[in-house]
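K.L.:
Would you mind keeping the following structure in view while I ask a few things?
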Amino acid sequence: MMKTTFLFLCVLFSLSASQAQKKSELLAQIENLNMELGASKDTIAKIKRAATSSKAASETLRAENEALRDANATLLKNLSGFAEISSKNSENVNKALASLDQKEQQLRGLNDAIAKNDSLAIVLLTSLKRTLGEDAKIAASANAIVVSLARDALFESDSIALKPTAGEAYLKHIAAMLNTYPDVDMTLETLSNTGELELAGHQAAIIATTLQKHFGIADHRLNTLGKDGGLREGILLKFHPDFATFYDMVKTELKN
């Protein structure tokens, strides 16, 4: 009986020891599992943080990319605007240069015309002095070279008859000058100090007719005028360079 009881106690002790050992192992396994679970949670948390960080970085990159695209589009638009402005400025500069060139040509033409008329007046004055002699009364006015002579140098006293020798010889020199300078016109002014304007006008007309018929001077180049000379009498032969054409050209150029 005692032996049986002892055996029973031994079995119980063995079972208790076995159960204690299994419980300890289970607790150890539970502890290990808890540790692994904690590690897994940490890993998952790290992964989530990494994912969140990656998402934030992705959003930042996307926003920066959109900003770069917008900036690039703005830059291209500005470059296009600058190119258009540059083209317009270049066009305006070319127009301004063309206008300046045109004005320069106009001024050059006017200067050439002025020089031509001035030169012609000087040459005409010199030629008249050489042809008519140093004693001839020749002067330059604002728009003419004027030769002054007495009425009796060409006409018989108080008549419309030219002196056959002196008068016609003098007009021959005048005609030679007009033929030498075809761009020069002449005004014939006969001055009277007695109020005989009709006689003065006839004398001017006789001079013009003689120049036309005897020396071939065109009618349109000659103007005649009988004037009251006040205290003066005489004949004025006014040689005009082609000022009318010159002034017409100036007016045309200024209109342009």
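The values are calculated or read from the model by the stated rules, or taken from the named source; none is laboratory data. None of the values given here were measured: they were computed from a predicted structure. FYI the Cβ positions are ideal-geometry reconstructions off the backbone, even for glycines, and counts take in every protein chain you see. Heavy atoms of the whole protein, side chains included, go into the accessibility calculation; ligands, DNA and RNA do not. Shrake-Rupley method; radii C 1.70, N 1.55, O 1.52, S 1.80 Å.
K.L.:
In region 168-227, what residues are β-branched (V, I, T) and closer than 19 Å to V146 by Cβ?
P.N.:
Across region 168-227, the qualifying residues are I174, T180, V184, T187, T190, I207, I217, T224.
K.L.:
Right, another one. So for region 134-142 (the condition being at pLDDT 75 or above, of a type in the set (D, E) and open to solvent by 70 Å² or more (accessible area, probe 1.4 Å)), does at least one residue qualify?
P.N.:
No: zero hits.
K.L.:
Sticking with this structure for a sec: Name the one entry in T194, T190 that is over 13 Å from I217 (Cα atoms) and either open to solvent by 30 Å² or more (accessible area, probe 1.4 Å) or not hydroxyl-bearing (S, T, Y) (or both). Quick ask: steps written out before the conclusion?
P.N.:
On the way: T190 fails: either open to solvent by 30 Å² or more (accessible area, probe 1.4 Å) or not hydroxyl-bearing (S, T, Y) (or both).
The unique qualifying residue is T194.
Conditions tested, residue by residue: (1) modelled with pLDDT under 85; (2) hydrophobic (A, V, I, L, M, F, W, C).
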position: T210; (1), (2): no, no
position: H214; (1), (2): no, no
position: D219; (1), (2): no, no
position: N223; (1), (2): no, no
position: G226; (1), (2): no, no
position: L236; (1), (2): no, yes
position: D242; (1), (2): yes, no
position: Y247; (1), (2): yes, no
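K.L.:
Consider L237 against the criteria (1) over 23 Å from I122 (Cα atoms); (2) surrounded by 13 or more Cβ atoms within 10 Å (Cβ to Cβ); (3) out of contact with any helix residue (DSSP H, G or I) (no Cβ under 6 Å at 6 or more places or on another chain): it satisfies all of them except one. Which criterion is unmet?
P.N.:
Unmet condition: (1).
K.L.:
Select, from I114, I85, the only residue that is within 39 Å of the chain's Cα centre (by Cα) and modelled with pLDDT of 75 or more.
P.N.:
One residue alone meets the criteria, I85.
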